[in-house]
Amino acid sequence: MAHEFAPVPATPDRDLRDALDAVQVPIWHSGADLHRDWYNQSWLAFTGRSLEDQDDQGWMQDVHPDDSGPCREAYDHAFDGRRSIALEFRLRRHDGQYRWVRSEGRPFQRAGEFAGYIGSCTDIHASRESERRHQAMVDELNHRVRNMLSVVQAIARQSLTGDPEALLAFNGRLMALAAAHDVLIAQAWAGATLRDVLHRVLEPWSHDAARVHLHGPSVPLRAQAALTLAIAAHELCTNAVRHGALSGPELGHVEIEWAVSEGSAPQLQLSWCERGGPAVQAPSRRGFGSLMLERVLAAEIGGTVALEYAPDGFCCRVTAPLEEVLAELPSP
C-alpha cells in the first residue's frame, strides 16, 4: 500500500509555525516517534494549557476517559502504517466542558524520510448534539407509531369480534405494515431496499427456502413505495397460502423477480409468479386484494399492475417509473 505522505514544507519552521499560530483551527505536530511536540495558539487557547503541559503524550489527559483507549489505539494503528488518520472524540475545553472534536492528521517526510505527523482538530460539538437530538426525536416518533399500530389492532379486535376471518386478514395487513416499518427504521426512514422489504414481510411463510425464491438487484425504495409494496406482497402471499402455490405443504413455489430496465425512462419491473399449485381460475368477483393491487398499488407507484390467471399459475406483474420509487439510502 502506498503511504499517504504530505509534501515537504518549503517554508522554514519558524515562519511556518508563526503562520499556523494565526490560524483559528487547533493544529498539532508530532515527531517520527509519534510524540506530539508542538501545538498552535488555537489549540492552547482551546485546552487552556501550556505547551509544556501537553508535551509528549500529555494531551491525552484532556481526552474523555471513555474515548482515550480507542483514541490512542487509532493513533497507534495509523502511525504503524504511516497512514492518514481521522477520528472523533471528546476533548476537554479550558472551562472543563468536554466537546466533540474531529481530529485529522497526515504523515510527512523530510529528505525522503518519514518525519512525523501534522494535524488539525475541529470542534464538531454542535453538529453532534444536533444529530443526537434528531435521533431522539426519530426514536420517539417510531415508538409512537408502534404504539398507534397496537391501538389500531386493539380497536379492530373489538370491532370485528363477530368476523374472525376479517379480523385475521386485517391483523395480517397491519403486521405487514409493521414489518416494513421496522425495515424503514433501520434506515432512518430514508427508504429500504426491495429485497429487505420482501424478505421481512414474507418471513412468516418463507421458512422453507425452496418454496419462496427472490431474484433481483439491490433497489432502494422510497418510504411510501416500501410501505405500499409491503402490503401488496402480503396480499399476494396470503392469496398463495389460501388458494395458490403455497396452499399445501408440498404443492408448489413462488418466483419473485425484479429488474431495472435501461433507457431514457428506466422502470422497475417486478413479477410474482406461482408455479406447481392447483389449477388456476379467474375469480368471479374482485376482492380487496385484487382491488388493492390493481388500483391502490398502481396509483401509489405511478405505474401499472397486471394480474394474469394462467392455468399453470397466477402471476402479478408490476411496472413503475424508477423515479417514482427510487430512494437514496445512506451509506453504511
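Here are some notes:
- Here is the figure for the range 48-92: residues that are part of a strand (DSSP E or B) and in contact with a helix residue (DSSP H, G or I) (Cβ under 7 Å, 6 or more places away or on another chain) total 7.
- Residues that are at pLDDT below 65 and under 17 Å from the mean Cα position of the chain (by Cα), drawn from the range 180-236: ALA180, HIS181, VAL183, LEU184, ILE185, ALA186, GLN187, ALA188, TRP189, ALA190, GLY191
- Residue in the range 221-234 that is assigned to a strand (DSSP E or B) and polar (S, T, N, Q) present: no
- For the range 242-259, filtering for residues that are within 33 Å of the chain's Cα centre (by Cα) and open to solvent by 50 Å² or more (accessible area, probe 1.4 Å) leaves 2.
- Close pairs (8 angstrom Cβ cut-off, 6 or more residues apart or separate chains): closer than 23 Å to HIS199 by Cβ in the range 248-264, of a type in the set (Lys, Arg) anywhere: GLY252/ARG211; GLY252/ARG275; HIS253/ARG211; HIS253/ARG275; VAL254/ARG211; VAL254/ARG275; GLU255/ARG275
- Within the option set GLY96, GLY116, being free of Cβ contacts under 8 Å to residues at least 12 places away in the same chain and outside any helix (DSSP H, G or I) holds for one residue only, GLY96.
- If you go through the range 210-224 and keep only what is under 21 Å from CYS315 (Cβ atoms) and either of a type in the set (Gly, Ala, Ser) or open to solvent by 30 Å² or more (accessible area, probe 1.4 Å) (or both), you end up with ALA210, ARG211, HIS213, LEU214, HIS215, GLY216, PRO217.
- Close pairs from the range 39-63: first free of Cβ contacts under 8 Å to residues at least 24 places away in the same chain, partner surrounded by fewer than 19 Cβ atoms within 10 Å (Cβ to Cβ) and β-branched (Val, Ile, Thr), Cβ under 9 Å, at least 6 apart: ASN40/VAL23; ASN40/VAL25; GLN41/VAL23; SER42/VAL23; SER42/VAL25
- Tally of residues being hydrophobic (A, V, I, L, M, F, W, C) and more than 26 Å from LEU322 (Cβ to Cβ) across the range 250-292: 5
- Applying the condition of being farther than 13 Å from SER271 by Cα and out of contact with any helix residue (DSSP H, G or I) (no Cβ under 9 Å at 6 or more places or on another chain) to the range 300-316 and asking which residue is least open to solvent (accessible area, probe 1.4 Å) yields ALA310.
- Those residues of the range 62-98 which are open to solvent by less than 40 Å² (accessible area, probe 1.4 Å), modelled with pLDDT of 90 or more and aromatic (Phe, Trp, Tyr), in sequence order: PHE89
- Verdict on GLU262 being farther than 20 Å from HIS234 by Cβ, open to solvent by 70 Å² or more (accessible area, probe 1.4 Å) and at pLDDT 85 or above: no
- Flag if ALA320 is open to solvent by less than 20 Å² (accessible area, probe 1.4 Å) and part of a helix (DSSP H, G or I): no
- Candidates ARG102, ARG82: the one that is touching a residue at least 40 places away in the same chain (Cβ under 8 Å) and basic (Lys, Arg) is ARG82.
- Within the range 273-298, the set of residues being modelled with pLDDT of 85 or more and outside any loop (DSSP other than H, G, I, E, B) comprises CYS273, GLU274, ARG275, ALA298.
- Residues located in the range 99-117, provided they are within 19 Å of MET60 (Cα to Cα) and open to solvent by less than 60 Å² (accessible area, probe 1.4 Å): ARG99, TRP100, VAL101, SER103, GLY105, GLY116, TYR117
- Among (1) of a type in the set (Ser, Thr, Tyr); (2) open to solvent by less than 30 Å² (accessible area, probe 1.4 Å); (3) free of Cβ contacts under 8 Å to residues at least 12 places away in the same chain, the one test that SER284 misses: (2)
The values are calculated or read from the model by the stated rules, or taken from the named source; none is laboratory data. Predicted model only: the values in this text are computed from it and were never measured. Reconstructed Cβ throughout: ideal geometry from the backbone, glycine too, with neighbour counts over all protein chains shown. Remember, those area values only see protein heavy atoms, side chains included, never the ligands or the DNA or RNA. Shrake-Rupley method; radii C 1.70, N 1.55, O 1.52, S 1.80 Å.
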